[in-house]
1. Rounded to the nearest 5, what is the percent of antiparallel bridges among the DSSP beta bridges in segment 127-257?
2. Using the eigenvalues of the Cα gyration tensor, what equivalent ellipsoid semi-axes result for segment 4-256 when each is taken as the square root of five times the eigenvalue, whole Å, largest first?
3. Just how large is the dipole of segment 4-256 about the Cα centre, in debye to the nearest 20, putting +1 at every Lys and Arg Cβ and -1 at every Asp and Glu Cβ?
4. What number comes out for the charge environment of Leu116, summing +1 per Lys or Arg and -1 per Asp or Glu over other residues with Cβ under 15 Å away?
5. Assuming a viscosity of 0.692 mPa s and a temperature of 37 °C, what translational diffusion coefficient in µm² per second does Stokes-Einstein assign to segment 132-228, Rh being the Kirkwood radius over Cα pairs?
6. Once R0 is set to 25 Å, what does the formula 1/(1 + (r/R0)^6) return for the Cβ-Cβ distance between Glu89 and His37, expressed as a FRET efficiency to the nearest 0.05?
7. Taking every DSSP beta bridge that has both residues in segment 4-256, what percent is antiparallel when rounded to the nearest 5?
8. Suppose R0 equals 25 Å. What FRET efficiency, 1/(1 + (r/R0)^6) with r the Cβ-Cβ distance, do Ala165 and Gln218 give to the nearest 0.05?
Amino acid sequence: MTSAHDMKNLPIRTQVSPEEWQARTDLAALYRLVARHGWDDLVFTHISMRVPGEEEHFLINPYGLLFQDINASNLVKIDINGDVVMETEYFINPAGFTVHSPFHKAVEDAHCVIHLHTDYGIAVSAQKEGLLPITQHALIVYNEIAYHEYEGIALDHDECERLLADMGDKSIMILRNHGTLAVGKTAADAYLRMFFLERACKMQILAQSGGPLLMLGQEMADKVGAQGAAAFSGPAGQLLWPSLLKMLDREDPSFRD
């Protein structure tokens, strides 16, 4: 019979279900992709994922590790309150899960939540008009975006209700003066939304350094948003994800450890 002492010395992969290990691998890949894009902010943003088959359990990064060092085994398993539920040498940043928990708790398809502090995302979040309908990338996500006013560092659990109310039926959020957020059914879905949002923010800041902007308007946003919806609800993300994993495997497969 295996003792509790023996269990904690076993590899994490042997202690969890195959479904959880796959979720851990995908989430670790997301952290590596964020680092690869230069979207990380030292250790101060977070990506979380629901554990398959365990509706009240989630995976999140260990506080203090750079995103380039995250792997499947060192992710921390927590409950909806942010309490650690599986023995680990690491701990988490409570403020990080405060932003994520309302979506995991109340949004059925929010299995994966990405929250970032990027230069271009924060720059757009600080602009009064937010994301402008000036590029195809912006139009694809334009109608999916919600906004939340800045309330300080996310330590107040009362803010969870306001985050959820502001999100409504959207899947992307610009947190004013703070950063960006995207939710998805899978790691691939959340990543694709964030990729389009971050590219759109960068394009906007670059365009604003030139001459007058050509606004495309709500009618075009509705048209292109409907056309682009297939990228998020169809197979595009799932077709892309294996190729992204292959790229990470070529560069540094340690995210799978």
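1. Details: 4 of 8 bridges.
The antiparallel proportion sits near 50 percent.
2. 31, 19, 17
3. 880 debye
4. On the way: positive: Arg32, Arg36, Arg176, Arg193, Arg199, Lys202; negative: Asp40, Asp41, Asp119, Glu198.
So the environment of Leu116 carries a net charge of +2.
5. On the way: Rh = 14.4 Å.
Answer from the Stokes-Einstein relation: 228 µm²/s.
6. Numbers: r = 28 Å, r/R0 = 1.13.
FRET efficiency, Glu89 to His37: 0.30.
7. 85 percent
8. Computed FRET efficiency for Ala165 and Gln218: 0.60.
Only the coordinates and a few stated rules stand behind these numbers; no lab work does. None of the values given here were measured: they were computed from a predicted structure. Here Cβ is always computed from backbone atoms with ideal geometry, including for glycine, and neighbour counts include all displayed protein chains.
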